[in-house]
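Just below is one structure, and these are the notes that go with it.
Derivation of every value follows stated rules applied to the coordinates shown; laboratory data play no part. Note that this is a predicted model, so its numbers are computed, not measured. Here the Cβ positions follow ideal geometry from the backbone for every residue, glycine too, while neighbour counts run over all protein chains shown.
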Amino acid sequence: MNHAYEELKPYLERVLAFQTAKILFEWDNETLAPKEAERNTTRVVGILSGEYFSVITDERVKELVRRCEEERDSLTQVERAVVRELKEEMERLERVPKEEYREFAELTARSTGIWARAKKENDFDSFAPVLKKIVEYTKKFASYRAKEGQRLYDVMLYDYEKGFDVETLDRFFGVLKEQLVPFLKKLTDSGKTIDNGFLTGDYREEDQEAVGRFFAEYVGFDFDRGVMAVSAHPFTTNLHNKDVRITTSYNDHVDDSLFSVIHESGHAIYELGIPDELTQTLVGQGTSMGMHESQSRFFENIIGRNENFWVPVYEKLQERFPKQLGSVTMEQFVRGINKVEPSLIRTQADELTYSLHVLIRYEIEKMLIEEDLDVEKLPDIWADKYEEYLGVRPKQVSEGVLQDIHWSQGSFGYFPSYALGSAFGAQLYHYMKGQMDFEGLLRRGDLGPIREFLREHIHRYGKLKTSRQILKDVTGEDFNPQYYVDYLTEKYGKLYGVERD
Ligand code: ZN
């Protein structure tokens, strides 16, 4: 037993308590809180954030962290990881002068509202000056934290995905650009179309909810340790491994809620798989944005949009929606939920074109951070890239450069993890197929062994390993984006009857 670590424990517990309370308020704001609650809640959350900041930057805590590092050999693996996370968070909070931190918090509190208005009014000029300031702050903050010779964009990427820098991502997105862009062009030029009109219509909300609950449970969401609510945009909130919450939203496209529930269940299953030993510690969450997205997209796409997944359950869906799906065969349904259609909006993109939306954002972020791109030029650059990679061109900024909230929050470096997640998933899928009768398990409705594999090799480590380390340990190979491209071109080549060059 290490004395310094023992002394650190009550501080760590306070950190976690403040964090848990903040997360619970965020959840409440998006789901149940009345509109007028916001002002008072914001004040309470502000106080909690201040307390969180004070504990982490407490002189005594710093001293204890220093001692733990000196006595590293007497710490367990989990304790070492906790100290590492605490130190990183301490540095993240401290490198930036308090005054500038406050200014930036105020700026971003305003900027999301300005962005939302600009998007609604289709007016980029009203957002441009704010965005320019946000980029300046973000770069300045990164420069405070950069190690000697480190690129600013690499500092930002580190926050979301350790082990992936510009060099690695250039290679990754290069593969997507070289192989997926021409494949997509060939597919759209083939003129083959898929009908999925039956997915839109009079799908009653109560029925969608019942179906959502059924599929959440079917893929492994545990309603004794989680709840499902409604919010404007679906998301997952994680308090600890006995309380993980998902949301969904309903409209007249039944596949939207259906697949968002399976997606969020994937996030939730990750967090539910964190062992008791790690939960409610600084390493008791999913290891990174990308690995999280790999699990959600694994459940949504690799499992949920797989023909075999529907073999045991399609009839259940038909029974619930006899009018809409009674005469639609399972084959037609599976083709429908896999329809490829290059479009302008990332969040509505199909599995094949999705990562090209992310590629565009990655290239633009790099230009903004590394090449001082003038923000005024963004709408045109955005439109040109959409035309080049996806063959569609936004007519207005609301469906172009203003569609995502991320930049208005100062989240640069976040987007790449969306595409990385899909690629991690494909690499895992390739490996798992060699280890188990994956497709047979889906056909038999036996998802347990698949989930257990993910828990055993990924979930139970929390933040003890990075995403890259996990991939290496599971598949015996470093991150390799080729699996992702092969998975997509094989699946969609077959579906559309086109071959890759
Ligand atoms: Zn997600």
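Observations, loosely collected:
- Cα gyration tensor of region 316-449 - equivalent ellipsoid semi-axes, whole Å, descending: 36, 21, 12
- With the largest listed first and rounded to whole Å, the semi-axes of the equivalent ellipsoid of region 1-120 from the Cα gyration tensor are 34, 17, 12.
- The charge dipole of region 420-487, taken about its Cα centre with unit charges on the Cβ of Lys, Arg, Asp and Glu (plus for the first two, minus for the last two), comes to roughly 300 debye.
- Helical content of the chain, expressed as a calculated mean residue ellipticity at 222 nm, amounts to -20000 deg cm²/dmol (DSSP H runs of 4 or more residues, -39,500 (n - 2.57) each, divided by residue number, nearest 500).
- Centre separation in Å (Cα based) which lies between region 420-468 and region 323-384: 25 Å
- Close Lys-Lys pairs in region 353-465, where close means Cα under 20 Å and separation is 8 or more or interchain: 5
- Sequence ranges 243-256, 409-422, 311-324, ranked by mean other-Cβ count within 10 angstrom, highest first: 409-422, 243-256, 311-324
- In terms of surrounding Cβ atoms within a 10 Å radius of their Cβ, Leu199, Leu352 rank from fewest to most as Leu199, Leu352.
- Summarising the strand pairing of the chain, around 50 percent of its internal DSSP beta bridges are antiparallel.
- Shown here are the Rg and Dmax of the Cα trace of the chain, at 23.1, 70 Å.
- Cβ-to-Cβ counts within 10 Å put Ile23, Ile302 in ascending order as Ile23, Ile302, the fewest first.
- Packing order of peptides 260-270, 84-94, 434-444, highest average first: 260-270, 84-94, 434-444 (average count of other Cβ atoms within 10 Å over each peptide's residues).
- Dipole-positive endmost among Phe183, Thr193, Tyr144 within region 113-205 (Cβ charges, Cα centre): Tyr144
- With neighbour counts taken as other beta-carbon atoms within 10 Å, the residues Val498, Val227 rank, fewest first, as Val227, Val498.
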